[in-house]
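Asker: I'd like to ask you about the structure that follows.
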Amino acid sequence: MRVLRIVLVLLVVLLAWLQYRLWFGHGGAAQVQALSEQVAQQKRDNAGLRQRNAEVAAEVEDLKSGEAAVEERARSELGMIKPGETFYRVVEPATAATVMDAPESGEAP
């Protein structure tokens with residue numbers, strides 16, 4: 001009877017130790033959950049980067065294939081115009097609020 005009691009106590013201690021390692025030890029449930037969240041975040045990041053890479057690859061292919069894309073980029077980013085074209089700049093009139101906020105020429109800012 002005494003041996004049975006010792007074996008039972010040892011089994012309970014072993015079960016408690018294994019449960020502790022399962023939930024709180026190295027490689028336990030909390031660490032598995034944290035790693036799963038990191039994997040999910042990395043997958044989202046990778047998907048965004050794949051999309052960005054596809055956009056850049058399409059833009060590179062577009063620039064290689066024709067002059068229309070190069071011309072559009074030169075017009076929009078560099079403000080270039082073709083020979084014989086006339087450039088017009090449209091300036092919006094200042095609103096009353098903008099005029100009121102601006103300091104007069106004699107005042108210090």
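Asker: Amide H neighbours of Gly28 under 5 Å, counting only residues 5+ apart in sequence or on other chains, H built in-plane at 1.01 Å?
Answerer: Distant-sequence amide H within range of Gly28: zero hits.
Asker: Where does the charge balance sit around Asp62 when Lys and Arg score +1, Asp and Glu -1, over other residues with C-beta under 13 Å from its C-beta?
Answerer: Working: positive: Lys64, Arg73; negative: Glu55, Glu59, Glu61, Glu67, Glu71, Glu72.
Here the charged neighbours net out to -4.
Asker: Which net charge results for the neighbourhood of Met80, defined as the other residues with beta-carbon distances under 10 angstrom from its beta-carbon, given Lys and Arg at +1 and Asp and Glu at -1?
Answerer: Details: positive: Arg73, Arg75, Lys82; negative: Glu71, Glu77, Glu85.
Charge balance in the 10 Å sphere: 0.
Asker: Of the listed values [x] 6.8; [y] 15.9; [z] 20.2, grab the one calculated as mean projected area of the Cα convex hull in nm² from the structure here.
Answerer: Of the listed options [x] 6.8; [y] 15.9; [z] 20.2, [z] comes from this structure.
Asker: Compute the acute angle (0 to 90°) between the alpha-carbon long axis of helix 67-78 and the principal axis of greatest extent of the alpha-carbon atoms of the chain; round to the nearest 10°.
Answerer: So the helix axis and the longest Cα principal axis differ by about 80 degrees.
Values in this text are rule-based calculations from the coordinates and carry no lab data. Since this is a predicted model, take the numbers as computed values, not measurements. Neighbour counts run over all protein chains shown; Cβ positions are idealised from the backbone, glycine included.
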